[in-house]
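A short worksheet on the structure shown next.
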Amino acid sequence: MKRFSITIFLLLAVLVSVKAITVNLTEAGTLKTLIDNPAIVTELRLTGKADATDFNFIATSMPSLTTLDLGAVTIVASKGTKINGISHFAANFIPEGAFAGTTIKEIMLPTTPGLIIGDMAFESTALTSVVLPDNVNKVGIGAFAGCQDLKIVIINDKTILGSHLFSNCQALSTVNLGSASKLPASTFEGCTTLEIIEGAEALTLIESKVFSSCRTLTAFEFGESLTAIGAEAFANTNLTTVDLGICRQLTSIGDYAFVDCRDITAVNLGPAITTIGTGCFLGCENLATITLPAACETIGDYAMARCLALSSVEASDLGGVPQTGNDVWRGVDQPNARLNVSDETFNDFASAPQWNEFRITSPTYTSDVDLPVTDTMQRLEASFDGNSLTVISYLNNCVSLYDLNGRCLASTETDGSECRLTFDTDISHGNIFIVAADGLDGTRKALKIIRK
């Protein structure tokens with residue numbers, strides 16, 4: 001019995017002693033010779049020199065490891081032993097896929113300057129937080145992708161980040177970008193619980209799909225240094241507003257950048273934006289108002305399609321009609337949506353395909369698309385009888401009829417109570433006409449007439 005008790009005691013002592021251990025590596029590549037029972041180690045602190053073979057031993061022989069402290073380690077170059085098909089490894093480098101799929105929950109990275117973390121180095125691990133200190137020079141593609149327990153990420157502005165870095169980390173809720181200026185493609189794509197992003201105002205570049213499918217992201221602070229938003233950058237998020245008014249260096253928004261952001265209600269585009277990409281706001285079903293900047297020149301196919309709640313488009317700063325792709329406003333209730341323009345561009349918008357279907361207003365002019373037109377508030381009426389167009393004005397002065405090219409087709413004046421104009425149209429005149437009426441009191445009104 002005594003001998004049996006001693007054996008149990010010794011066994012327990014061994015288990016306790018190896019559960020959390022510190023190993024000093026005087027020679028890199030020797031870790032496997034210094035740990036007798038690696039399978040039961042849960043916490044490991046390394047000091048000295050380590051290489052890729054030591055990391056491979058940790059990943060393949062320590063299934064219980066949850067904490068790995070490499071803070072006092074210097075990573076040396078190695079060659080010869082093939083790991084994942086690679087036999088040469090640089091110094092100060094955590095190899096590609098080194099710890100992928102392991103149970104590690106906590107990692108303390110080496111503090112040596114210029115540290116590089118390889119592609120997918122910690123992919124699908126059990127990490128709960130990631131802090132990239134200033135000494136990390138570069139992080140590879142998908143280095144922390146698919147870490148399902150990861151909740152907090154802190155990035156520094158000195159690190160070059162790879163694409164897909166934290167993609168599909170579905171428990172990630174808080175990110176501190178520090179002063180990072182660029183986010184590469186798909187950095188946080190599929191992080192469905194991401195809510196808080198600190199430091200976003202310092203970004204100069206948001207590449208494609210960076211926040212795509214971050215479905216709990218409701219707010220984002222766009223900064224004045226931002227120069228580009230890539231394709232699908234915020235696709236299928238829950239943003240409620242997009243305010244780019246401060247972004248004076250932003251000239252374009254990528255294709256489908258905000259596609260299916262169903263909670264967006266208002267959009268204010270930056271003053272320097274010239275190009276709105278294809279499908280940019282496609283499917284933003286609750287978008288009610290959008291402000292187009294003076295610089296806007298091109299709006300891509302389906303850019304505002306299926307914006308079912310759109311009721312107001314502010315375009316009064318535009319000096320001309322932007323070039324539009326196919327079906328920009330498909331699904332928008334344009335006859336009941338107001339397009340606000342300047343007096344100088346009223347006729348241009350009223351004669352431009354896709355735009356002329358709105359209720360167009362300017363400080364002086366207004367338009368309507370219903371037929372027959374009876375506008376008692378504006379004191380204008382218009383209707384077709386076959387090809388004969390009759391316009392009646394109660395403004396008591398002058399009525400003029402124009403085609404879409406701005407050519408005056410007919411004009412009449414009166415000082416009585418009613419000004420009536422009748423004009424026989426034909427195919428050469430088209431199907432859309434602009435009526436302008438001037439009153440004796442200086443009032444000026446306009447209608448857009450569509451022959452259906």
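Structure data summary
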item	result
Residues of the chain: accessible area per residue with a 1.4 Å probe, Å²	44
Order by protection proxy (mean Cβ within 10 Å, highest first), peptides 275-282, 129-136	275-282, 129-136
Which listed pairs, of LYS79/LYS182; LYS82/LYS105; LYS32/LYS82; LYS105/LYS151; LYS19/LYS105, have C-alpha distances above 23 Å, in listed order	LYS79/LYS182; LYS82/LYS105
Taking the chain and dividing mean pair separation by its residue count, relative contact order in percent (alpha carbons under 8 Å, at least six apart)	5
Rounded to 10°, Cα long-axis angle of helix 52-61 versus longest principal axis of the chain	90
Percentage, to the nearest whole number, of Cα pairs in the range 257-389 over 19 Å apart	49
Given charges at beta-carbon only (K, R positive; D, E negative), |dipole| of the chain in Debye	2300
Options PHE93, ASN176, LEU109, ranked by Cα towards positive dipole end of the range 65-195, top entry (Cβ charges)	PHE93
Within the range 298-367, trypsin sites (Lys or Arg not before Pro) in DSSP loop having at most 16 other beta-carbon neighbours inside 10 Å	ARG330
With all protein chains modelled, accessible area of ASP263 [1.4 Å, Å²]	60
Distribution of pairwise C-alpha distances over the range 204-322, 10 Å bins, in %	16, 53, 30, 2
Label assignment, log10 I(q)/I(0) by the Debye sum over Cα atoms at q = 0.06, 0.13 Å⁻¹ derived from the structure, set [x] -0.44, -1.06; [y] -0.52, -1.18; [z] -0.30, -1.21	[x]
Accessible carbon and sulfur surface of the range 149-264 relative to its total accessible area, %, 1.4 Å	45
Estimated FRET transfer efficiency (ASN431, ASP263; beta-carbon r; R0 35 Å; 0.05)	0.35
Helix-only [θ]222 nm of the chain, DSSP H runs n ≥ 4, -39500 (n - 2.57) each, per residue, nearest 500	-2000 deg cm²/dmol
Rounded to whole Hz, the Karplus (6.51, -1.76, 1.60) HN-Hα couplings of the range 76-84, x for glycine and proline	9, 5, 8, 7, x, 7, 7, 10, 6
Isotropically averaged projected area of the range 27-112, using the convex hull of Cα atoms (one quarter of hull area), nm²	5.0
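The values are calculated or read from the model by the stated rules, or taken from the named source; none is laboratory data. All of these numbers come straight from a predicted model, not from anything done at the bench. A quick note on method: Cβ atoms are made from the backbone with ideal geometry, for glycine too, and the neighbour counts reach across all protein chains shown. Protein only, heavy atoms only, side chains kept; ligands, DNA and RNA dropped before computing areas. Shrake-Rupley method; radii C 1.70, N 1.55, O 1.52, S 1.80 Å.
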